[in-house]
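Please read the structure below before turning to the comments.
The values are calculated or read from the model by the stated rules, or taken from the named source; none is laboratory data. Just so we're clear, the structure is a prediction, and the values are computed from it rather than from any experiment. All Cβ positions, glycine included, derive from the backbone under ideal geometry; neighbour counts span all protein chains shown. Remember, those area values only see protein heavy atoms, side chains included, never the ligands or the DNA or RNA. Shrake-Rupley method; radii C 1.70, N 1.55, O 1.52, S 1.80 Å.
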Amino acid sequence: MLRGRSALVTGSTSGIGLGIARALAAEGCAVTLAGFGDPAAIERARAELAAVSGAPVRHDGADLREPAAVEALVRGAIEAQGGLDVLVNNAGIQHTAPCEEFPVERWDAILATNLSATFHAIRAALPGMRARGWGRIVNTASVHGLVASPNKAAYVAAKHGVVGLTKVVALETAGSGVTCNAICPGWTRTELVEPQIAARAAALGIGLEEGARALLEEKQPSGQFVTVDQLGALVVFLCSEAAAQLTGASLPVDGGWTAR
Ligand code: NAD
């Protein structure tokens, strides 16, 4: 479905972003992977996706905390891939602490990575999408873009910001062939969540798997983790013509978390 199209997925060296990149590649899309990690593991992922896609797959290790690096990342994808049709702003980090103890440096890093990088990538990608009359922007927000939890001041503020930014971009691009939506996952078992599982297990004096169940029981009525494949399939749908009028939405994929 996406043969001849070109995508950039930030934060795609692991977890949800890698799942989204894999789903786009499976539709024949050229992909720029972005993010940090072990070079050998990144090269394995790049080669696997290129084989699946049949289109070029490249990697860029830009640090998204730097606005100029975000612009260069988007420019590099446009130059290497002959344009950019799909932008998935997915990179994100987490830190948990009560507000009055929250390290200022962590607040700045989370706002820069989870929110400001999304703005900088969108403003760099939009002119080309408008000129081509087609584009899909998908921002990975979170259930924490819709509701709050204690000890996540920076993350919840950034993700609510992503939901707001998504609406503004959808209004500014309405009717242009470009759509902008946010996906709002609940608990998805990735490297971002493992420390939270470990902390819960330690606090309750239980094993890791019981800790994971305790996290789910508290917030996610389905009692099951969201999978990265499910999120990848949703992004592919958002890139389809069936979703051409779906814009400005923030779509929960959360096992019922936000229905409570
Ligand atoms: P992850 O830790 O597996 O992936 C994070 C990605 O972001 C990695 O590729 C990492 O290299 C990249 N990254 C981090 N800092 C960066 C920086 N400064 N510059 C460039 N790249 C950087 O985590 P994940 O769970 O896959 O998270 C992906 C997104 O999904 C995040 O935005 C996260 O907030 C969101 N999310 C996750 C969950 C969950 O339960 N895992 C739920 C809701 C939303």
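Quick look at the numbers
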| quantity | calculated |
| --- | --- |
| Criterion (more than 14 Å from the ligand (Cβ to nearest atom) and open to solvent by less than 30 Å² (accessible area, probe 1.4 Å)) met by exactly one of Val52, Val57, Val31, Val70 | Val57 |
| Residue in region 204-219 that is at positive phi, open to solvent by 60 Å² or more (accessible area, probe 1.4 Å), out of contact with any helix residue (DSSP H, G or I) (no Cβ under 7 Å at 6 or more places or on another chain) and not assigned by TED's automatic domain parsing to the domain that holds Gly145 present | yes |
| Output for region 143-187, where each listed residue is in a strand (DSSP E or B) and in contact with a Gly (Cβ under 8 Å, 6 or more places away or on another chain) | Val178, Thr179, Cys180, Asn181, Ala182, Cys184 |
| Region 172-197, residues that are away from the ligand (no atom under 14 Å from the Cβ) and either open to solvent by less than 50 Å² (accessible area, probe 1.4 Å) or at pLDDT below 95 (or both) | Thr173, Ser176, Gly177, Val178, Thr179, Cys180, Asn181 |
| Sole exception among (1) under 23 Å from Leu73 (Cα atoms); (2) more than 11 Å from the ligand (Cβ to nearest atom); (3) among the aliphatic types (A, V, I, L, M) for Ala117, by number | (2) |
| Every pair of residues 6+ apart whose Cβ atoms lie under 8 Å, when the first sits in region 151-175 and is over 17 Å from Ile137 (Cβ atoms) while the second is assigned to a loop (DSSP other than H, G, I, E, B) and away from the ligand (no atom under 13 Å from the Cβ) | Asn151/Pro98; Ala153/Phe102; Ala154/Phe102; Val156/Ala148 |
| Scope region 128-144; condition touching a residue at least 60 places away in the same chain (Cβ under 8 Å) and away from the ligand (no atom under 15 Å from the Cβ); matching residues | Arg136 |
| Residue check, Thr190 within 18 Å of the chain's Cα centre (by Cα), in a helix (DSSP H, G or I) and polar (S, T, N, Q) | no |
| Selection status of Ala91, near the ligand (Cβ under 9 Å from one of its atoms), assigned to a loop (DSSP other than H, G, I, E, B) and touching a residue at least 40 places away in the same chain (Cβ under 8 Å) | yes |
| Residue list for region 120-141, filter: part of a strand (DSSP E or B), among the β-branched types (Val, Ile, Thr) and within 21 Å of Arg75 (Cβ to Cβ) | Ile137, Val138 |
| Where Glu105 falls short, out of the listed (1) within 12 Å of the ligand (Cβ to nearest atom); (2) open to solvent by 10 Å² or more (accessible area, probe 1.4 Å) | (1) |
| Where a residue in region 7-27 is within 18 Å of Val178 (Cβ to Cβ) and its partner, wherever it lies, is among the aliphatic types (A, V, I, L, M) and surrounded by fewer than 24 Cβ atoms within 10 Å (Cβ to Cβ), with Cβ under 7 Å and at least six apart | Leu24/Leu2; Leu24/Val236 |
